[in-house]
Structure formats: structure tokens, C-alpha cells
1. For the stretch 46-58, just list the computed ³J(HN,Hα) in residue order, Karplus coefficients 6.51, -1.76 and 1.60, θ = phi - 60°, integers in Hz, with x standing in for Gly and Pro.
2. Sorting check: for 140-152, 33-45, which peptide has the highest mean count of neighbouring beta carbons within 10 Å, and how do the rest follow?
3. Using per-residue counts of other Cβ atoms within 10 Å, averaged over each peptide, order 169-176, 153-160 from highest down.
4. Which of the pairs LYS80/LYS157; LYS74/LYS103; LYS111/LYS172; LYS60/LYS80 have their Cα atoms more than 20 Å apart in this structure?
5. Translational D (Stokes-Einstein, µm²/s) of the stretch 123-179 at 4 °C and 1.567 mPa s when Rh comes from the Kirkwood sum over C-alpha pairs?
6. With both partners inside the stretch 39-179, how many of the DSSP beta bridges are antiparallel, as a percent to the nearest 5?
7. Taking the Cβ of GLU162 as the centre, find all other residues whose Cβ is under 15 Å away and add up their charges (Lys, Arg: +1; Asp, Glu: -1).
8. For PHE78, PHE101, which order do you get if you count the other beta carbons within 10 Å of each Cβ and list the fewest first?
Amino acid sequence: MDKETKELELETEVSNEENLEVEEANDDVEVDEVTQLQQKVSELEDKNLRLLAEFNNYKKRSSEEFNKAQIHGKVEVFKKLVDVIDNFERALNQDCQDEEFKKGVEMIYTKLMDDASSLGLEEIDASGLLDPNLHHALMVEENDDLEDNQIIEVLQKGYKVEDILIRPSMVKVNQKSKN
């Protein structure tokens, strides 16, 4: 081998070693970049999941608030409407010479009650025993044949909407004598 060939081989070996070192350095840089990118992707996925959870919570809260506002609106309307219902019932209990007129009033009352019922208005059941959450005792009567606190008569109907009390039933209740 001549001197030039040996020098060329040495240069090639040195060059190959340098190239290997550069490639290894590049591999290390690429691994670091890949690791950094994977961390960034993981962070973005986590952020995306948190935003999605926050959005779902927002939707639930908004829906609940909307439902509460709807119920509150119904309650306010029905608080005013129960007086109209009472007046219709009083009118229907009066004697009337004109049967067609009375029939018209009954039809209006029936339509009003059907529509109110379809919107959630419920008449409070005033049979059985007094429930202080739903009934207001205005009068007391003594009768030993009936149970204590049994409702004897409804003086004014009570109403509720979705378990929200519009007006309690005004009732007369039994109270046993204390002999």
C-alpha cells in the first residue's frame, strides 16, 4: 500500500467516525424532539379533555337554570291565575236562568283547567288527614266519629306546580273533644 492510499483510508476512517458521532448526536436530538412533541401532545390532549368537561358542566348548569326559570315563570303566572279559577268556580255554583250562558262559562272553565293542567298545575288533594305543608286549617269542628285532624270540608282549593306550592288548600278539620 502506498502512502497516499493509507492516508486516504485514515481520512475515510476519521470521516466515518465523525459522521457516526454526528449521526448519534442527531439521533439524540431527534429523540429529544420526539419526546418533547409527545409531551406537548399529551398536554394538549389533557387540556382538550378539561375543556370538554367544563363545556359539559356548563351545558348541564345552563339546562338546570333554564328549567328553574321556566318553573319560576309558571309559578308566577299560576299565582295570579288561581284567583281567576276561583271566580269561575263561584260563577258556576250560582243559579243561572240562561242555560246557554252557563254552558259557555263551563266550556271556558274546562278549557282553562285543561290548559293549566297541561302546563303542570295540579290541584292539591284535600281528602284524608291535614298535611300542614299542603293544607291550611281555617276552621275546626268537633266530631268524635272522625279521626283527629281529618279534613271535613275544603273551603278553598289549593294548587301546586311541580311540587312547588302555589297556594295551600284552606280547609275545615276535625278535632276530637278532649274528654
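1. These are the phi-based 3J(HN,Hα) values: 4, 4, 5, 5, 5, 5, 5, 5, 4, 5, 5, 5, 4 Hz.
2. Working: 140-152: 13.2, 33-45: 10.0.
Listed from highest to lowest mean packing, they are 140-152, 33-45.
3. Details: 169-176: 18.6, 153-160: 16.8.
The packing order, highest mean first, is 169-176, 153-160.
4. Values: LYS80/LYS157 14 Å; LYS74/LYS103 29 Å; LYS111/LYS172 29 Å; LYS60/LYS80 31 Å.
Long pairs (Cα-Cα over 20 Å): LYS74/LYS103; LYS111/LYS172; LYS60/LYS80.
5. Values: Rh = 11.4 Å.
Using the Kirkwood radius from Cα pairs, D works out to 113 µm²/s.
6. 65 percent
7. Values: positive: LYS68, LYS74, LYS79, LYS160, ARG167; negative: GLU64, GLU76, GLU122, GLU123, ASP163.
Here the charged neighbours net out to 0.
8. Sorted ascending by nearby Cβ count, the order is PHE101, PHE78.
Values in this text are rule-based calculations from the coordinates and carry no lab data. Just so it is clear, the model here is predicted, and its values are computed rather than measured. Heads up, the Cβs are rebuilt from the backbone with ideal geometry, glycines too, and the neighbour counts pull from every protein chain shown.
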